[in-house]
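Written below as structure tokens is the structure these notes are about.
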Amino acid sequence: MRVPAFEALLTDAGRDVLASVDAESAARDALTAASRLREDPRVAALDPDLPVSELVNAVLTQISLRVRGRAKFGDLADRMFFTPNGLEQSTRRSVAEYRAERVAKAHTGPAGDLCCGIGADLLALAARGVPVEGVELDPATAAVARANIGALGLADTARVREGDVTEIAPGRYPLLVCDPARRGGRGRVFDPAAYSPPWDVAVALAEGAEAACLKAAPGIPHEALPPGADTEWISVDGELKEAALWFGALAGGPRRRATVLSERDGSRTHLDGDSDPGPAPVAPARRYLYDPDPAVVRSHLVAEAAARVDGALLDERIAYFTADTAVRSPLWRVLEVEEVLPFSLKRVRAALRERGVGTVTVMKRGSAVDTEKLRRDLKASGPGAATVVLTRIGERPFALLCRELPAGAGRPGAAAPSPPV
């Protein structure tokens, strides 16, 4: 993105042009939208020194990104500005607001948001009264973050400067939030040492602040977690989003936490673990099978989850557990087990045919079976529906034929939504 063309959109005239474009129509027919904009004299007037084609492209890029941004930011996206990479790497609004609430309750002094990107966390902090300075290396991304501050009326609380995070001395900011870049020229970066800034630099900055939150990919190896930090794995509606490491005044809670946020109903549910509870009991399948949320699995809290329902693992290496009762919670999905079969295509197909099952959902853990191929090979037909769960018990593959519990089935209470922290 060229900054001059983008900055032309930040004027009153630029905002008027953006507001005049029907986003849904432009998304359906970009060529027609571009043609109309080229003929609109207001577009050429935005910056007479720039080609009209460049200004048109800038307008349509923002319109397209705003449409895509609604998935992360809701209706707020229609007032925000984005770059393609900035939107891709930005924190979801629900996660940023959840984290900002926790930060603001513990620390309201000056803060630094390092590697602030387009400003999702910075905006959430500023909206809660935390004075915050964002630091961003890329000039275009920094310009977008500034534009978002202005668009949301937060200029009195937030600002952004261009800068290299590796040149910041530990302790520069009493409160620090850092989200190291985890994408490179070849896509996602999985090795924390290859983050930007590198993981050891980011950890040193966090440890040098009075309070800090350091974000990481949810798949970060547990051995890379600093011993002085509390780590929280966060999922949204069943999709694992990130790991948040809390330092200093923001630490002192559970050493490991799984947090499940729901954008559907606004609930926030937590499962905590302070120490290793030891191996969970292992038992054959009981009446109900529990499939824990990925935040529970990644935080290594499956044993704690099973204990909530007096459950046991099917296999000590697999993150399914089983119990005699069904307990509803956002922390897991519950299925009723109808039959347990040593896995073979012939056995599963016969069992589904006997039940008149035509609609099959396939889940798996610890299985190498191609689920799409299996679904085709089952050739299921009939009015019924079933879930086939593929897993390993001991050294043998098994298939569990299950049914979804109807809405409201099971008893609540073992893991009710937690209050905001």
Binning at 5 angstrom from zero up to the longest distance, how are the C-alpha pair distances of the stretch 75-163 distributed in percent? 3, 17, 29, 28, 17, 6, 1
Amide H contacts of E338 (H built 1.01 Å from N, under 5 Å, at least 5 apart or other chain): L401, C402, R403
Working with all protein chains in place, sort V177, V201 by solvent-accessible area computed with a 1.4 Å probe, largest first. V201, V177
What order do you get for 307-314, 51-58 when each peptide is scored by the mean count of other beta carbon atoms within 10 Å, highest first? 307-314, 51-58
Sorted by average packing, counted as other Cβ atoms within 10 angstrom per residue and highest first, what order do 127-136, 332-341, 114-123 take? 114-123, 127-136, 332-341
Express the relative contact order of the chain as a whole percentage, based on alpha carbon pairs under 8 Å and six or more residues apart in sequence. 9 percent
Let me understand the stretch 169-229 better: what is its radius of gyration from the alpha carbons, and its Dmax, in angstrom? 11.6, 35
Calculate one ³J(HN,Hα) per residue across the stretch 380-391 by plugging θ = phi - 60° into the Karplus curve 6.51 cos²θ - 1.76 cosθ + 1.60, and present them in order as whole Hz with x for glycine and proline. 5, 8, x, x, x, 9, 7, 10, 9, 9, 9, 7
Entries of K72/K373; K215/K241; K72/K215; K241/K373 with Cα pairs more than 22 Å apart: K72/K373; K241/K373
Hey, any idea what % of the chain's accessible area is carbon plus sulfur with a 1.4 Å probe? 50 percent
Given points 7 Å out from each Cα along the Cα-Cβ axis, report the S262 to A307 separation in nanometres with one decimal. 2.5 nm
Just the number please: accessible area per residue for the chain, 1.4 Å probe, all protein chains included, in Å². 45 Å²
Of the labelled options (i) 167; (ii) 307; (iii) 146, which one gives volume of the Cα convex hull per residue in Å³ as computed for this structure? (i)
Expressed in whole Å with the largest first, what are the equivalent ellipsoid semi-axes of the stretch 1-131 derived from the C-alpha gyration tensor as the square root of 5 times each eigenvalue? 32, 16, 11
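The values are calculated or read from the model by the stated rules, or taken from the named source; none is laboratory data. Remember, predicted model here, so these are calculated numbers, not experimental data. Note that each Cβ is placed from the backbone with ideal geometry, even for glycine, and that neighbours are counted across all protein chains shown. For the accessible areas, the whole protein counts, side chains as well, though only heavy atoms, and no ligand, DNA or RNA atoms are used. Shrake-Rupley method; radii C 1.70, N 1.55, O 1.52, S 1.80 Å.
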